[in-house]
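Chemist: I have a structure I would like to understand better, so I am pasting it below and will then ask my questions one at a time.
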Amino acid sequence: MRVHVVSDVHGNAEALARAGDGADALVCLGDLILFLDYADHSRGIFPDLFGTRNASRLVELRTARRFDEARELGARLWSGLDVDRATAVENAVRKQYAELFAAFPTPTYATYGNVDMPALWSEYAGPGVTVLDGQRAEIGGRVFGFVGGGLESPMKTPFEISDEEYAAKVEAVGEVDVLCTHIPPEVPDLVYDTVARRFERGSRALLDAIHRTRPRYALFGHVHQPLVRRMRIGATECVNVGHFAGTGTPWALEW
């Protein structure tokens, strides 16, 4: 059995269409939407609306952790649009989702990332795509558990939830062979982004579940350039499956 795993697709529909080649199934750990490409400031919803120069300034402020100034810049730009912010964003997201969901192979098992808009997924997920959050699925005789979304942060991305709500989803998944999440467990080496130079939010509840239930694998993404991509926690192999938007290459799990 061979399963390919991707995370942080961020608009890379071309590579996503090939991600299932040679695999029995594809697992996607979320962040389909590209709001702003930190490597190429001309790509994404934000520069499409406000231009590359403003996108570069937003990246500069966020990277410097000047989040209040970043929010002020965003508020000023959004207030100058002819349409309201929610409508503009939803229209852009729908365009991306139509292309990305069409690229998923059959079968695909997917959960949400912190920049996704879960309310729209049911409109685009076809019969070959199973969406799971706080739920389990059997793939090739192994039990996979899925927990989507991110935790509350200064970035205020679309699908951030409280630590308590996230912990409840982890608890609902229970004991599995492969634990699939968008964010990593709360381990400094796994949550530190070496390019953004900051610690991203990881989940303590997820770390506790790994210690308690001992899955064979814990797979995740979210941190694009982690200090450590792979480490063992007790009996569990913890793997950041990579920044698919940048690499275009899925991580492979075989048994």
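Chemist: For G134, state whether it is modelled with pLDDT of 95 or more and on the phi > 0 side of the Ramachandran plot. Show your work before the answer.
Modeler: On the way: modelled with pLDDT of 95 or more: yes; on the phi > 0 side of the Ramachandran plot: yes.
Spelling it out, G134 is indeed modelled with pLDDT of 95 or more and on the phi > 0 side of the Ramachandran plot.
Chemist: Here is a list: A39, A119, A55. Which entry is out of contact with any Cys (no Cβ under 7 Å at 6 or more places or on another chain), touching a residue at least 60 places away in the same chain (Cβ under 8 Å) and small (G, A, S)?
Modeler: Values: A119 fails: touching a residue at least 60 places away in the same chain (Cβ under 8 Å); A55 fails: touching a residue at least 60 places away in the same chain (Cβ under 8 Å).
None of the others qualify; the one that does is A39.
Chemist: Considering only residues that are under 19 Å from Q135 (Cα atoms), without any contact (Cβ under 8 Å) to a residue 60 or more places away in the chain and hydroxyl-bearing (S, T, Y), which ones fall in region 181-232?
Modeler: S203, T213, Y217
Chemist: So, in region 82-117, of the ones that are polar (S, T, N, Q) and in a helix (DSSP H, G or I), which residue ends up least open to solvent (accessible area, probe 1.4 Å)?
Modeler: Q96
Chemist: Please pick out the residue among V89, V93, V129 that is farther than 17 Å from F220 by Cα and either at pLDDT below 95 or polar (S, T, N, Q) (or both). Outline the logic, then answer.
Modeler: On the way: V93 fails: either at pLDDT below 95 or polar (S, T, N, Q) (or both); V129 fails: either at pLDDT below 95 or polar (S, T, N, Q) (or both).
Selected residue: V89, the only one of V89, V93, V129 that is farther than 17 Å from F220 by Cα and either at pLDDT below 95 or polar (S, T, N, Q) (or both).
Chemist: Tell me which residues, restricted to region 38-53, are in contact with a Ser or Thr (Cβ under 7 Å, 6 or more places away or on another chain) and surrounded by fewer than 20 Cβ atoms within 10 Å (Cβ to Cβ). Show your work before the answer.
Modeler: Here is the first cut: in region 38-53, the ones in contact with a Ser or Thr (Cβ under 7 Å, 6 or more places away or on another chain) are 41-42, 52.
Passing the criteria: S42, T52.
Chemist: Can you tell me which residue is farthest from the chain's Cα centre (by Cα) among those in region 64-81 that are open to solvent by less than 40 Å² (accessible area, probe 1.4 Å) and within 16 Å of T157 (Cβ to Cβ)?
Modeler: Here is the first cut: in region 64-81, the residues open to solvent by less than 40 Å² (accessible area, probe 1.4 Å) are 67, 70, 73-74, 77-78.
In the following step, the residues that additionally are within 16 Å of T157 (Cβ to Cβ) were identified as 67, 70, 74, 78.
On the way: F67: 21, A70: 22, G74: 22, W78: 25 Å.
My answer is W78.
Chemist: Here is a further query. Condition check: assigned to a helix (DSSP H, G or I), more than 21 Å from F159 (Cα to Cα) and open to solvent by 10 Å² or more (accessible area, probe 1.4 Å). Does L61 satisfy that? Before the answer, list the steps.
Modeler: Numbers: assigned to a helix (DSSP H, G or I): yes; more than 21 Å from F159 (Cα to Cα): yes; open to solvent by 10 Å² or more (accessible area, probe 1.4 Å): no.
No, not satisfied.
Chemist: Could you list all residues from region 185-206 that are of a type in the set (A, V, I, L, M, F, W, C) and either open to solvent by 40 Å² or more (accessible area, probe 1.4 Å) or closer than 12 Å to F220 by Cα (or both)? Even if it seems obvious, please write down each step before you answer.
Modeler: So the first thing to find is which residues in region 185-206 are of a type in the set (A, V, I, L, M, F, W, C), and the list is 187, 190-191, 195-196, 199, 205-206.
Those that are of a type in the set (A, V, I, L, M, F, W, C) and either open to solvent by 40 Å² or more (accessible area, probe 1.4 Å) or closer than 12 Å to F220 by Cα (or both): L190, V191, V195, F199, L206.
Chemist: Picking from A88, A70, A55, A92, which residue would you name as being farther than 29 Å from R197 by Cβ and in contact with a helix residue (DSSP H, G or I) (Cβ under 9 Å, 6 or more places away or on another chain)? First the steps, then the outcome.
Modeler: Values: A70 fails: farther than 29 Å from R197 by Cβ; A55 fails: farther than 29 Å from R197 by Cβ; A92 fails: farther than 29 Å from R197 by Cβ.
That would be A88, the only listed residue that is farther than 29 Å from R197 by Cβ and in contact with a helix residue (DSSP H, G or I) (Cβ under 9 Å, 6 or more places away or on another chain).
Chemist: Taking F35 as the residue in question, decide whether it is among the aromatic types (F, W, Y), surrounded by 14 or more Cβ atoms within 10 Å (Cβ to Cβ) and not in a loop (DSSP other than H, G, I, E, B). Full working, then the answer.
Modeler: Values: among the aromatic types (F, W, Y): yes; surrounded by 14 or more Cβ atoms within 10 Å (Cβ to Cβ): yes; not in a loop (DSSP other than H, G, I, E, B): no.
Judged against the criteria, F35 is not a match.
Chemist: Separate question: Do you know which residues across region 45-75 are at pLDDT below 95 and small (G, A, S)?
Modeler: A64, A70, G74, A75
The values are calculated or read from the model by the stated rules, or taken from the named source; none is laboratory data. Worth saying up front: this structure is predicted, and the values here are computed from it rather than measured. Backbone-built Cβ (ideal geometry, glycine too); neighbour counts: all protein chains shown. Surface areas here come from the heavy atoms of the whole protein model, side chains and all, with no ligands, DNA or RNA. Shrake-Rupley method; radii C 1.70, N 1.55, O 1.52, S 1.80 Å.
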